[in-house]
Amino acid sequence: MSSIAHNIQVIKSQLPSSVRLVAVSKTKPAEAVLEAYNSGQRIFGENRVQEIVSKKEQLPGDIEWQMIGHLQSNKVKQLVPLVSMIQSVDSFRLLSVINAESQKINRITSCLLQVHIAAEETKTGFSPAELTEMLGSEEFDNLLNVRICGLMGMATFTDDHDQVRREFRFLANLFRDCKQRYFANTPSFTELSMGMSGDYQIAAEEGSTMVRIGSLIFGERLKK
Ligand SMILES: *Cc1c(COP(=O)(O)O)cnc(C)c1O
């Protein structure tokens, strides 16, 4: 068994079977994706549109590509036909562009709303107040070509497990609150995407339905 396949197996053995694994293949070559694919992995996360374009050309058609990185509005048109989900929606403006481009090609694009839960200012996402303001707005209700499937968040990069757990718990509570207040009649609102290589077990304990794991599967990425 290849080391990539082995890593995936180990991670899966530590997660409840209800938690989906998104293999984060950003910066890694197509051959590495193929190794994961050959072990059964089908969902891959990327953070650059161009990298999705190029990997999609080289790899099997039944791979589900998901966008997990900050997305610029001018790249949305290119991205929408390529992905099964955009996890990193961090503004109403971006969501409305995704909606418009999806409408043009007669599609409904699955999205997660990214919430800023970490202490670091550099991480993107809605603040909880911005999120609830948008969800309560009429403009939001008019977006018919996006399917809101849940929330995504990244915890602070720290060794303090209690802090990480608090942040994930906060997001899980926000998810339940949003589901009850704004998505009670929206069966698609089911996903809570949280947990990366360093904190996925804590995330799973706090109710994650989807973990996004890169370096633990494919090895460390070179810093850019
Ligand atoms: C890079 C990235 C990951 C994966 O990070 P690892 O620590 O390598 O597992 C997960 N989520 C997002 C949003 C990322 O950008």
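Read-outs: derived from the displayed coordinates by stated rules, not from any lab. Here the structure is a predicted model, which is why all the values come from computation and not from measurement. Cβ: placed from backbone, ideal geometry, glycine included. Neighbour counts: every protein chain shown.
Ordered by the count of other Cβ atoms within 10 Å of each Cβ, fewest first, Phe44, Phe126 give Phe126, Phe44.
Taking amide H as placed 1.01 Å from N in the peptide plane, the amide H of Ala155 sits under 5 Å from that of Gly195, each at least 5 places away or on another chain.
Of Gln66, Gln201, Gln78, the residue with the greatest mean-square motion in the GNM of the chain, using alpha carbon springs below 10 Å, is Gln78.
The antiparallel fraction among DSSP beta bridges confined to the chain stands at about 0%. Put a dot 7 Å past the Cα of His6, heading toward its Cβ, do the same for Arg93, and the two dots end up 4.8 nm apart. Amide H contacts of Glu191: Gly150, Leu151, each under 5 Å away and 5 or more positions distant or on a separate chain (H built 1.01 Å from N in the peptide plane; Pro and chain starts excluded). Report summary: the helix-based calculation at 222 nm, which adds -39500 (n - 2.57) for every DSSP H run with n ≥ 4 and divides by the residues of the chain, gives -11500 deg cm²/dmol. Near Arg147, the amide H atoms lying under 5 Å from its own belong to Thr109, Ser110, Cys111; only residues 5 or more places off or on other chains count, and H is placed 1.01 Å from N. The Rg/Rh ratio for region 24-165 is 0.99, where Rg is the radius of gyration of the alpha carbons and Rh is the Kirkwood radius.
Which one, Gly150, Thr186, Ile108, projects farthest toward the positive side of the charge dipole computed for region 88-224 from Cβ point charges (K/R +1, D/E -1)? Of the options given, the answer is Ile108. In region 9-139, taking the dipole from charged Cβ atoms about the Cα centre, the farthest positive-side position among Leu59, Ala129, Leu79 is held by Leu59. For the chain, modelled as a GNM whose springs connect Cα atoms under 10 angstrom apart, the maximal fluctuation among Lys179, Lys123, Lys104 occurs at Lys104.
Put in line by how crowded their Cβ is, counting other Cβ atoms within 10 Å and starting with the fewest, Ile105, Ile63, Ile98 read Ile105, Ile63, Ile98. Taking the fewest neighbouring Cβ atoms within 10 Å as the starting point, the ordered list for Arg212, Arg169 is Arg169, Arg212. Only Lys, Arg, Asp and Glu carry charge here, each on its Cβ (+1 for the first two, -1 for the last two); on that basis the chain has a dipole of about 540 debye about its Cα centre. Phi-derived couplings, Karplus 6.51 cos²θ - 1.76 cosθ + 1.60 at θ = phi - 60°, listed residue by residue for region 113-122: 9, 8, 10, 7, 10, 8, 6, 6, 6, 5 Hz, with x used for Gly and Pro.
When the chain is treated as a Gaussian network with alpha carbon springs shorter than 10 Å, the biggest mean-square fluctuation among Ala155, Ala129, Ala172 belongs to Ala129. Tabulate in residue order the Karplus-calculated ³J(HN,Hα) for region 51-61, using 6.51 cos²θ - 1.76 cosθ + 1.60 with θ = phi - 60°, rounded to whole Hz; enter x for Gly and Pro. Those phi angles translate into 5, 5, 4, 6, 6, 4, 5, 9, 10, x, x Hz. With the cut-off at 19 Å, tell me which of the pairs Lys77/Lys104; Lys12/Lys179; Lys104/Lys179; Lys28/Lys75 have Cα atoms farther apart than that. Violating the 19 Å Cα-Cα cut-off are Lys12/Lys179; Lys104/Lys179; Lys28/Lys75. Straight-line reach from Lys55: taking Cα to Cα under 12 Å and skipping same-chain neighbours fewer than 8 places apart, the aspartates and glutamates in range are Glu31, Glu46, Glu64.
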